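Data first, discussion second: the structure below is written as C-alpha coordinates.
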Amino acid sequence: MTTATTATSLAPSNSIQWDMTARVPDWVILGRIRELIVAGLPVPDDMCDPDDIADYLPALVAAGHKHHEIERATGVKPSRHLPRRT
(Lines give C-alpha, C1' and ligand atoms only; values in the text may rest on other atoms or scores of the structure.)
Protein backbone atom coordinates (compact mmCIF):
# COMPACT_ATOMS: atom_id res chain seq x y z
CA MET A 1 0.00 0.00 0.00
CA THR A 2 1.38 3.39 -0.96
CA THR A 3 0.75 6.34 1.28
CA ALA A 4 2.09 9.85 1.55
CA THR A 5 1.82 10.02 5.34
CA THR A 6 2.50 7.66 8.18
CA ALA A 7 1.22 7.93 11.72
CA THR A 8 1.12 5.72 14.77
CA SER A 9 -2.22 4.76 16.25
CA LEU A 10 -3.66 7.19 18.78
CA ALA A 11 -0.99 9.75 17.92
CA PRO A 12 -1.94 13.41 18.02
CA SER A 13 -2.37 15.03 14.62
CA ASN A 14 0.79 17.12 15.00
CA SER A 15 2.97 13.99 15.03
CA ILE A 16 2.26 12.94 11.43
CA GLN A 17 5.46 12.48 9.45
CA TRP A 18 5.59 12.88 5.66
CA ASP A 19 7.17 10.05 3.73
CA MET A 20 8.98 11.92 0.96
CA THR A 21 10.04 8.66 -0.70
CA ALA A 22 6.49 7.34 -1.15
CA ARG A 23 5.49 6.84 -4.77
CA VAL A 24 2.21 8.51 -5.66
CA PRO A 25 -0.08 6.20 -7.68
CA ASP A 26 -0.62 7.09 -11.34
CA TRP A 27 -4.37 7.57 -10.86
CA VAL A 28 -3.67 10.29 -8.28
CA ILE A 29 -1.33 12.14 -10.65
CA LEU A 30 -3.83 11.76 -13.49
CA GLY A 31 -6.57 13.20 -11.27
CA ARG A 32 -4.42 16.18 -10.33
CA ILE A 33 -3.57 16.84 -13.99
CA ARG A 34 -7.27 16.69 -14.90
CA GLU A 35 -8.16 19.14 -12.11
CA LEU A 36 -5.53 21.59 -13.36
CA ILE A 37 -6.76 21.31 -16.96
CA VAL A 38 -10.36 21.98 -15.89
CA ALA A 39 -9.19 24.97 -13.83
CA GLY A 40 -7.17 26.29 -16.78
CA LEU A 41 -3.93 26.16 -14.80
CA PRO A 42 -0.52 24.88 -15.92
CA VAL A 43 0.78 21.56 -14.64
CA PRO A 44 3.79 22.28 -12.36
CA ASP A 45 7.12 20.85 -13.50
CA ASP A 46 7.65 19.09 -10.19
CA MET A 47 4.43 17.05 -10.54
CA CYS A 48 6.03 14.81 -13.14
CA ASP A 49 8.68 15.03 -15.84
CA PRO A 50 7.60 16.46 -19.22
CA ASP A 51 8.46 13.11 -20.82
CA ASP A 52 6.15 11.35 -18.36
CA ILE A 53 3.21 13.59 -19.29
CA ALA A 54 3.04 11.77 -22.63
CA ASP A 55 2.14 8.58 -20.74
CA TYR A 56 -1.04 10.26 -19.47
CA LEU A 57 -2.17 11.71 -22.82
CA PRO A 58 -4.34 8.75 -23.95
CA ALA A 59 -6.22 8.79 -20.63
CA LEU A 60 -6.69 12.57 -20.79
CA VAL A 61 -8.08 12.39 -24.33
CA ALA A 62 -10.29 9.43 -23.39
CA ALA A 63 -11.63 11.49 -20.47
CA GLY A 64 -12.84 14.08 -22.97
CA HIS A 65 -10.18 16.77 -22.70
CA LYS A 66 -9.51 18.60 -25.95
CA HIS A 67 -6.01 18.68 -27.44
CA HIS A 68 -5.68 22.45 -27.02
CA GLU A 69 -6.65 22.22 -23.32
CA ILE A 70 -4.03 19.54 -22.71
CA GLU A 71 -1.37 21.49 -24.59
CA ARG A 72 -2.16 24.71 -22.70
CA ALA A 73 -1.85 22.99 -19.32
CA THR A 74 1.08 20.67 -20.02
CA GLY A 75 3.04 22.34 -22.82
CA VAL A 76 2.98 19.00 -24.68
CA LYS A 77 1.28 18.61 -28.07
CA PRO A 78 -0.90 15.48 -27.86
CA SER A 79 -0.82 15.03 -31.65
CA ARG A 80 2.92 14.30 -31.46
CA HIS A 81 2.45 11.47 -28.98
CA LEU A 82 -0.85 9.85 -29.99
CA PRO A 83 -1.54 7.64 -33.00
CA ARG A 84 -3.20 9.35 -35.94
CA ARG A 85 -6.97 9.16 -36.17
CA THR A 86 -8.32 7.08 -39.04
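The values are calculated or read from the model by the stated rules, or taken from the named source; none is laboratory data. Nothing here was measured: the structure is a model prediction, and the numbers come from that model. Methodologically, a virtual Cβ is constructed for each residue, glycine included, from the backbone with ideal geometry; neighbour enumeration extends over all protein chains shown.
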Residue check, ALA62 among the hydrophobic types (A, V, I, L, M, F, W, C), at pLDDT 85 or above and exposed (fewer than 11 other Cβ atoms within 10 Å of the Cβ):
yes
Matching option when the condition is closer than 27 Å to ARG23 by Cβ and more than 15 Å from the chain's Cα centre (by Cα), among LEU82, LEU36, LEU41, LEU57:
LEU82
How many of the residues in the stretch 35-78 are without any contact (Cβ under 8 Å) to a residue 12 or more places away in the chain and of a type in the set (A, V, I, L, M, F, W, C)?
3
Which count do you get for residues in the stretch 65-86 that are modelled with pLDDT under 85 and among the aliphatic types (A, V, I, L, M)?
1
